[in-house]
Structure formats: structure tokens, C-alpha cells
Amino acid sequence: MSRPAETATAPRRAQSGARAGLIVLAGVVVANAGNYAFQLMAARFLGPPPYGDLAALLAIVNLIALPLGAIQVWVARNVAEMHAVHDGEGIHWFVRRVGWYALLAAVFGSVVLFATSTLIERALAVHGLAAVMITALVVVPAVLTPVAWGLTQGLERYALLATLLAFAGYVAVRLLWRWHLLRAWHRRGAARKAA
């Protein structure tokens, strides 16, 4: 006898592996283009010493984020197994539980980075404590993002996964561009006051 959840919803047509791969590839290409644009803009706008600070702090973020790719694979595998047997409640419970643990770990990591920010500033010779503290805040999305990516991958929502991947690069470029415009506006205002 079939479960009520199975009869209530029409079976979803599975995407071919090639089509799903192309969709995700498009998202990865856009994300990499956004990261490339971010690096070019940052090098141009910041100049050598501040760009060196940014590179050192991004290295910390990447050291935190790289192992978290395993969480994405783990979440995707577990969600896909539950999705295959139409266990929506199990998926909800699993993702909520993993999300809470990830949030707790992210907050703990941010607190540790905040607490050691002066040590990190001295060890990396970064010019500005605020930059290290902003890096500490980036830990939260760096830890939570693989859970969201794993959920979308496990549910076979490849267009959404590609959009999430592409959106990360877009946000970085937009934030840097707005910072540059704000900085240029501030410089013009300071030049007008000096004149």
C-alpha cells in the first residue's frame, strides 16, 4: 500500500545528469566570474597594502570554508536518501537539526575570532582591527551556506543551487562596488571641505 504523501503529489520528472550538470556548471561559472571581478576590483580600488590585508583575511575564511564542503556532500546525501523515499518530515527534522548545530558552531567560531582578533591582527600584520572583526562575521554565512547548498542538491533543485552559487559572487562584487562608491563620495566631500 502506498503512503498518502506519495499519492498526493505527482512524481517529479528526474533531470538527466547532463542537464543538471550544465545547470550547476552555469552557476559555478558565474560565481567564478564574480570572484574574479571581485579580485580585480579589490586590487584596483584598494592598492597593494590593503589588498594584502584582504588576501590574508580571505585566506582565513577559505581555510574555514574549504572543509565545510564535506558538510554539503553529507547533507546532500542524507537529504537525497530521505527524498527518495518521500520522507519530507525526516528531511525537515534533519536539516533543522544540522542547521541549528551549524549555527551554534558558526557563532562559536565568530566569538573565538572576535576574542582573538587583536592576536590575528598582529600575527598577519593586518592594518585595521575592523577588517579582522568583519572577517569574524563572515564565519556565520560560511558555515551555514553548505547546509543550504546540500539541501538544494539533495532535493535535486539544481537551478536553485546554481542561483545560490552565482549569487555569492554577485554579492561580493556589489558590496565592494558600493564600498568603493561610498569611499569616493567621502573623499569628494572631504576635498570640498578642504577647498
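For residues that are within 30 Å of LEU129 (Cβ to Cβ) and surrounded by 14 or more Cβ atoms within 10 Å (Cβ to Cβ), tally how many sit in region 72-113.
Residues in region 72-113 being within 30 Å of LEU129 (Cβ to Cβ) and surrounded by 14 or more Cβ atoms within 10 Å (Cβ to Cβ): 7 in total.
Please list, ordered by first then second residue, the pairs with beta carbon atoms under 6 Å, 6 or more apart or interchain, first in region 150-175 and under 19 Å from GLU81 (Cα atoms), second at pLDDT below 85 and surrounded by fewer than 21 Cβ atoms within 10 Å (Cβ to Cβ).
TYR158/ALA20
If we scan region 50-69, do we find a residue that is outside any helix (DSSP H, G or I), more than 15 Å from the chain's Cα centre (by Cα) and not acidic (Asp, Glu)?
Looking only at region 50-69, we keep the residues that are outside any helix (DSSP H, G or I), and these are 66-68.
Those left that are additionally more than 15 Å from the chain's Cα centre (by Cα): none.
There is no residue in region 50-69 that is outside any helix (DSSP H, G or I), more than 15 Å from the chain's Cα centre (by Cα) and not acidic (Asp, Glu).
Take ASN62 and tell me if it is modelled with pLDDT under 90, of a type in the set (S, T, N, Q) and either crowded, with 17+ Cβ neighbours inside 10 Å or under 16 Å from VAL138 (Cβ atoms) (or both).
Yes.
Which residues, taken from region 90-110, are of a type outside the set (Gly, Ala, Ser) and either more than 22 Å from ILE71 (Cβ to Cβ) or in contact (Cβ under 8 Å) with a residue 24 or more places away in the chain (or both)?
ILE91, VAL95, VAL98, LEU103, VAL107
Please work out if ALA166 is touching a Pro at 6+ places or on another chain (Cβ under 9 Å), modelled with pLDDT of 80 or more, hydrophobic (A, V, I, L, M, F, W, C) and in a helix (DSSP H, G or I).
So ALA166 fails the test.
Could you check region 114-136 and list, in sequence order, the residues that are more than 22 Å from the chain's Cα centre (by Cα), free of Cβ contacts under 8 Å to residues at least 60 places away in the same chain and surrounded by 16 or more Cβ atoms within 10 Å (Cβ to Cβ)?
GLU121, the sole residue that qualifies.
Quick one: in region 30-49, which of the residues that are free of Cβ contacts under 8 Å to residues at least 60 places away in the same chain and assigned to a helix (DSSP H, G or I) is farthest from ARG178 (Cα to Cα)?
Taking the candidates together, the pick is PRO48.
The values are calculated or read from the model by the stated rules, or taken from the named source; none is laboratory data. These figures come from a predicted structure and were not determined experimentally. As a convention, Cβ positions derive from the backbone with ideal geometry for all residues, glycine included, and neighbour counts pool all protein chains shown.
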